[in-house]
Amino acid sequence: MVIKTSESVEDLLAASQIYQFLSTCLLEPTKEALEMLRNEEYMAEVKSCILISGNDKMLEPFDLFQKGLEDTSVENLEWSYRATFGASTVAMDCPPYEMYYSGSQIWQQTQDLADISGTYKAYGIEMEEDSTTTRWDHVAVELEFLHFLTYKLAYAIENHSEEEQESCISGKKKFLYAHIGRWIKAFSTSVVKKTPEEFYRQAATLASLFIHIEMVKLSVDAEEIDEYMGNEPDYLQRLEGKSASACDSCMDEEKYD
């Protein structure tokens with residue numbers, strides 16, 4: 001049986017653009033990205049997409065986000081990104097990676113990472129091997145994947161591909177349920193508490209609001225983590241010799257990237 005969606009192609013294309021906008025905001029900042037976000041035509045289009053999607057709750061933080069853009073620079077954003085999320089090491093009070101929110105058991109970490117990478121690969125997506133700023137479980141990468149999947153769904157509907165529609169809808173629901181829908185609220189709360197930059201405060205707020213709006217549309221009820229408690233993933237504890245359960249034989253047998 002084909003899974004149906006009540007969303008129109010226009011709704012899906014608007015949602016896809018919002019996902020891409022949010023992903024751009026939460027990636028490590030660049031001069032090119034900031035120039036795009038300051039482009040009046042582009043931002044008007046994003047706001048139009050928010051209105052098409054009927055997401056009135058997003059309008060106030062979106063306006064605050066735009067005001068924050070007026071008083072910042074790429075240098076400020078780079079400093080704030082590092083201050084909020086960490087630089088050479090991940091900020092333990094505000095990590096941008098799903099694995100830090102998934103609990104402390106090594107088997108769960110491994111299973112979740114394998115599920116994320118397997119999901120991406122199932123839709124033909126491969127991470128760049130030389131990427132130094134992103135991982136499969138980075139919030140911006142997960143948002144970019146939902147941009148891709150939502151756009152792919154719109155294309156499938158427009159071209160009457162029922163099999164592709166079913167694949168995209170089921171994949172999107174699963175990803176919201178098992179991954180980003182579980183930790184986006186805790187991530188947003190952590191960013192709002194910590195970041196010195198209004199840009200990131202409102203970007204994180206918008207991301208959480210939009211993911212929850214999407215889950216309501218698709219009747220997805222994820223088991224959410226309300227607030228990040230600062231738990232370091234078990235595999236990092238092992239590597240740093242912090243885990244009480246770490247042992248030489250375990251470290252010899254397990255490989256970490």
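The values are calculated or read from the model by the stated rules, or taken from the named source; none is laboratory data. These figures come from a predicted structure and were not determined experimentally. We place every Cβ from the backbone using ideal geometry, glycine too, and count neighbours over all the protein chains shown.
Residues of region 39-58 include at least one that is modelled with pLDDT of 95 or more and not in a helix (DSSP H, G or I).
Taken as a whole, the condition of being surrounded by 12 or more Cβ atoms within 10 Å (Cβ to Cβ), free of Cβ contacts under 8 Å to residues at least 40 places away in the same chain, closer than 25 Å to Ala15 by Cα and among the aromatic types (Phe, Trp, Tyr) does not apply to Tyr97.
Looking at region 67-97 only, could you name the residues that are under 20 Å from the mean Cα position of the chain (by Cα), assigned to a helix (DSSP H, G or I) and of a type outside the set (A, V, I, L, M, F, W, C)?
Going through region 67-97, the residues under 20 Å from the mean Cα position of the chain (by Cα) turn out to be 77-78, 80-87, 89-97.
Narrowing further to those that are assigned to a helix (DSSP H, G or I): 77-78, 80-85.
Selection gives Glu78, Ser80, Tyr81, Arg82, Thr84.
Of everything in region 104-135 that is assigned to a helix (DSSP H, G or I) and among the hydroxyl-bearing types (Ser, Thr, Tyr), the residue that is modelled with the lowest pLDDT is Thr110.
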